[in-house]
Amino acid sequence: MFEIVKEDIQTVFAKDPAAKTLWEVLFCYPGLHALWLHRIAHFLWQHKLLFLGRLLSHINRLLTGIEIHPGAKVGRRFFIDHGMGVVIGETTEIGDDVLMYAGVVLGGTSLEKKKRHPTIGNNVVIGTGATVLGPITLGDNAKIGSGAVVIKPVPPGATVVGVPARIAGPKEPRGPETDLEHGRLPDPMLKAISEVLDRQSKLEERVRELETVLPTAVPLALPMEEARMVPLTRGGKMETQIRGALKEVLDPEVGINVVDLGLVKEIVVNGGAVEVRMVLTTPACPLIGYLVEQVRRKARSVDGVETVEVTILDEPWSWERFVNQTAK
């Protein structure tokens, strides 16, 4: 018993960088107190002292804000950080080295007296406010994003986010170390939209190529697209015309055109060759391929432009600067 208590304390220091002293851990960590009280309640429950076990779990809830049914099975080195609002149901099974944050619910989805709560594998991280429902299994080394609602089994090593939760990361084991960067999660919906937009951009480019080889007597260009074609005034105004055409390109994350956002830093014209130098609202823009293709396509829509090269500059973009410019 002493070895288990010592291991629990060491787990707090290993999984919470805010833990400074032994006395702080012993007296100021409700997740640790809830775990110790649950072990006693679970012992009573296993020995058919159901009322006493349930009563102790209720007292545990009043003292710590964490509700763990005495029938739940908890593995070693389990740590609940902060913990307020955590609910763990009766038939829940939790493996070793699991890290859980405040507001997590491991709930059931049946009124039948059978296995109706989740089974959590080893080395799983469950983010703040996540909800896992039903007798499903979260595989070893899985990572559940904050606020996710998990209703389907999660493969080992996978990262899931969203409502309902979808796999957003590779199914690769993270290893024995606990990954505390649970705020850095991919967005599967944004990735899917990016792929659709990339495909759309390629199809539009293909239609444009087909229009150029068809006889001019067959007007296949869309009226809206024709309206967006900016006629070029010969005599040094190509940059202005290109900048006007680029106002049709919206930044997919902000929803404002790239010119007004200040993303287009410079347009270099050399005969029919054009280079557009621009920055991104965020270095990790997931729709960069779509954005670049749209800039290239719109610039080529200007009469006289033959080739377009888009260069992404390694410069920061400032939202505050954009707001200040807009205010002026």
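The values are calculated or read from the model by the stated rules, or taken from the named source; none is laboratory data. Remember, it's a predicted structure, so these values are computed and weren't measured experimentally. Neighbour counts run over all protein chains shown; Cβ positions are idealised from the backbone, glycine included. Calculation scope for accessible area: heavy atoms of the full protein, side chains included, ligands and nucleic acids excluded. Shrake-Rupley method; radii C 1.70, N 1.55, O 1.52, S 1.80 Å.
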Per the rule of 0.36 nm per residue minus the C-alpha distance, extending E112 to T240 adds in nm 39.0 nm
Largest-first ranking of E90, E309 by accessible area, probe 1.4 Å, whole protein assembly kept, is E309, E90
Rounded to whole angstrom, the alpha-carbon centroid of region 82-121 lies from that of region 1-41 at a distance of 20 Å
For region 52-165 the mean separation of alpha carbon contacts under 8 Å (6+ apart) over residue count, i.e. relative contact order in percent, is 17 percent
If each K or R counts +1 and each D or E counts -1, the residues other than I136 whose Cβ falls under 11 Å of its Cβ total +3
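Sort the following peptides by mean Cβ neighbour count (other Cβ atoms within 10 Å, averaged over residues), highest first: 21-34, 134-147.
134-147, 21-34
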Within region 69-147, the percent of DSSP beta bridges that are antiparallel, given to the nearest 5, stands at 0 percent
For E93, the net charge from surrounding residues (Cβ-Cβ under 10 Å; K, R +1; D, E -1) works out to +2
Once both label points are put 7 Å beyond Cα along the C-beta direction, the E3-R54 separation in nm becomes 3.6 nm
Residues other than H42 with Cβ under 13 Å of its Cβ, Lys/Arg counted +1 and Asp/Glu -1, net out at +2
In this structure, among K15/K115; K73/K143; K15/K48, pairs with alpha-carbon gaps over 26 Å are K15/K115; K15/K48
